[in-house]
Amino acid sequence: LVVTRLKKEIQNLRDDIALAGREVSTDPLSDEELLMCRERVNKYIECTDPEERLDIDADVRKIHFCYQYFKHLLKQAANSRPASNRTVTSATSQILPEQVDKELNKLKELLA
């Protein structure tokens, strides 16, 4: 358990170093990269493990796309519910406030 946690922490530090030392590409993401980001975001959302992390490369373009995709999914979910039921459901209330804020802060730190 400790070894697994330390391995994750090492990988996180490697990702941070890679992001800090990498030149920012202005090329658009390929269709394969977009699909990979969507799949990983969907997998992240479906996972019930509170320690789950969104595993994307240290690429600012992918980070921004994942934010956009999260926003798209959130709007899509809000629009699919009746107007009287547009509050956060009990299932998502366990995830949204704590974990999303935590992940947003991690991503902001990576971008800083």
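Looking only at the stretch 9-49, count how many residues are open to solvent by less than 80 Å² (accessible area, probe 1.4 Å), touching a helix residue (DSSP H, G or I) at 6+ places or on another chain (Cβ under 7 Å), at pLDDT 85 or above and not hydrophobic (A, V, I, L, M, F, W, C).
So the answer is 1.
Residue 77: under 16 Å from residue 109 (Cβ atoms) and open to solvent by less than 90 Å² (accessible area, probe 1.4 Å), yes or no?
no
Mind checking which residues of the stretch 50-70 are open to solvent by 50 Å² or more (accessible area, probe 1.4 Å) and either among the polar types (S, T, N, Q) or at pLDDT 90 or above (or both)?
Correct list: 67, 68, 70.
The values are calculated or read from the model by the stated rules, or taken from the named source; none is laboratory data. Keep in mind that this is a model prediction, so the values were computed, not measured. Glycine gets a Cβ as well: all are built from the backbone with ideal geometry, and neighbour counts include every protein chain shown. These accessible areas exclude ligands, DNA and RNA; they are computed on the full protein's heavy atoms, side chains included. Shrake-Rupley method; radii C 1.70, N 1.55, O 1.52, S 1.80 Å.
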